[in-house]
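Asker: Below is a structure I'd like to ask you about.
The values are calculated or read from the model by the stated rules, or taken from the named source; none is laboratory data. Everything numeric in this text was worked out from a predicted model, so none of it was measured. No Cβ is skipped: glycine too gets one built from the backbone with ideal geometry, and neighbour counts run over all protein chains shown. Protein only, heavy atoms only, side chains kept; ligands, DNA and RNA dropped before computing areas. Shrake-Rupley method; radii C 1.70, N 1.55, O 1.52, S 1.80 Å.
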Amino acid sequence: GYPDGAFFLLRPLRDDRERAVFEAPAGAAFLVDAIDTRQGRRDARYLYLDPSLREIGRRERPGAAFDPRTRPWYREAVSAAGPVLTAPYVFAATASPGVTLARRTPAGSVVGVDVTLGQVSRLLQAIRPVAGAAMALFDSAGLVLATSDPGERIVRTEGDVLS
């Protein structure tokens, strides 16, 4: 995210659900979500890339309302001296709960990496010390964020808030 509200994100499209959410063409493996703010306009587009990162399609998104400066990862990182890890929140594009590791660059932009709570649950499942063991990750308030059973629905969302 940039101080003027411009935005650039590269997202892997891991499954049919993600491809459907972003209306990706067949063969798309990655999505570039770009917002350009030149000349006082907000021009947004999706670029669809194949596994070799060659463009195979694009879609203009007139009137895209997303502004990275309003998101928790941007707001926290822009005023921090080092990297920040957000509290869990709901991602704007996918409505999936997760966390973002972000850092302000020397040029004033903010770079972030999103991790869904589903990805954390799959990691817990993969590192179980013994078959049948159950593992869970809690936040400081006792909210269960991830479990070693990724099929279990562990968080509810209301807007950007998890409960």
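Asker: Return the loop-located trypsin sites (Lys or Arg not before Pro) in the range 1-38 (DSSP other than H, G, I, E, B) with at most 14 other Cβ atoms within 10 Å of their own Cβ; answer none if there are none.
Answerer: Working: sites: Arg14, Arg17, Arg19, Arg38; in loops: Arg14.
Those that pass, being in a loop and sparsely packed, are Arg14.
Asker: Follow-up. To the nearest 10 degrees, how steeply does helix 117-126 sit against the main Cα axis of the chain, on a 0 to 90 scale?
Answerer: The angle comes out near 40 degrees.
Asker: Let me ask something else. Rounded to the nearest 500, what is the chain's calculated 222 nm mean residue ellipticity when only DSSP H runs of at least 4 contribute -39500 (n - 2.57) each, over all residues? Write out the running numbers ahead of the final one.
Answerer: Numbers: 3 runs with 23 residues, N = 163.
Only helices count here, giving -3500 deg cm²/dmol.
Asker: Would you kindly state how much longer the chain becomes between Gln39 and Arg14 on full extension, computed as 0.36 nm times their sequence separation minus their alpha carbon distance, in nm to one decimal? Write out the running numbers ahead of the final one.
Answerer: Numbers: separation 25, 0.36 × 25 = 9.00 nm, distance 3.49 nm.
Additional length available on full extension: 5.5 nm.
Asker: Share of the chain's accessible area from carbon and sulfur, percent, 1.4 Å? Intermediate values should be presented prior to the final figure.
Answerer: Details: 5330 of 9570 Å².
The nonpolar share, carbon plus sulfur, comes to 56 percent.
Asker: Taking the simple approach of a point 7 Å from Cα along Cα-to-Cβ for both Arg59 and Leu143, what is their distance in nm?
Answerer: 3.0
Asker: Net charge within 12 Å of Val99 by Cβ-Cβ distance, Lys/Arg positive one each and Asp/Glu negative one each, not counting Val99 itself? Please report the intermediate quantities before stating the final value.
Answerer: Values: positive: none; negative: Glu76, Asp114, Asp139.
Local net charge: -3.
Asker: Taking each pair of distinct Cα atoms in the range 1-73 once, what is the resulting Kirkwood hydrodynamic radius in Å?
Answerer: Working: mean 1/r = 0.0778 Å⁻¹.
Evaluated on the range 1-73, it is 12.9 Å.
Asker: Where the Cα atoms of the range 22-115 are projected onto their three principal axes, how long is each span, largest first, in whole Å?
Answerer: That gives 40, 32, 24 Å along the principal axes, largest extent first.
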